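First the structure, in the form of structure tokens, and then the observations on it.
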Amino acid sequence: MKSTSTEALLKTIIEAIEDKKGEDIRIVDLHHIEGAIANYFVICQGGSPAQVEAIAQSVGDKCRDKESEKPVGVNGLGSDQWVAIDFVDIIVHIFLPGPRAFYDLEHLWEDADISTPAHAQVI
């Protein structure tokens, strides 16, 4: 297994989300937050449980195929309301709109730098 840079993995994750038309992508940079559980969160949403699952599948497949990286954990498959994919340095959160608004991770980590990929679809 090759060693993948965090930045290359982050780019691949964004591509995988965009491949399945994931919306409102946010990159939360947690580097300077003491005690943060990862260096980055990637947060996005799908319009239906089937789309949330398809995005999660795309992230797993593309990271494995392109970067030779597999997540250390995946939670939420089956309910497909909120799927979390843990790549250690990066945790991907894929939500339906209702749960995303309820949990509001962007504001929970409001001390972090939050950005949108320049080419991402914003709703």
Checklist entry - For the pair Glu15 and Ile37, how long in nm is the line joining their label points, each one 7 Å along Cα→Cβ? => result 2.8
Checklist outcome for this item: With all protein chains present, the chain has a carbon and sulfur share of its accessible area (1.4 Å probe) in percent of 51
Next on the checklist: Rg/Rh for the chain to two decimals, with Rh computed the Kirkwood way over all alpha-carbon pairs.
Outcome noted: 0.93
Checklist entry - Using 7 Å Cα-to-Cβ label points, what is the Ser79/Asp104 separation (nm, one decimal)? => result 2.0
Item to check | Most mobile of Val74, Val92, Val42 in a GNM of the chain (Cα contacts under 10 Å) | outcome: Val74
Next on the checklist: Just want to confirm a number: the relative contact order over region 6-117, from Cα pairs under 8 angstrom separated by 6+ residues, in percent.
Outcome noted: 32
Checklist entry - What is the total of Lys pairs in region 6-117 with C-alpha atoms under 16 Å apart, excluding same-chain pairs fewer than 8 positions apart? => result 8
Checklist entry - Residues of the chain: accessible area per residue at 1.4 Å, in Å²? => result 52
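The values are calculated or read from the model by the stated rules, or taken from the named source; none is laboratory data. Since the model is a prediction, treat every value here as computed from it, not as a measurement. Every residue, glycine as well, gets a Cβ built from its backbone with ideal geometry; the counts of neighbours run over all protein chains shown. The protein model used for the area step is the full one, side chains on, heavy atoms only, and it has no ligands, DNA or RNA in it. Shrake-Rupley method; radii C 1.70, N 1.55, O 1.52, S 1.80 Å.
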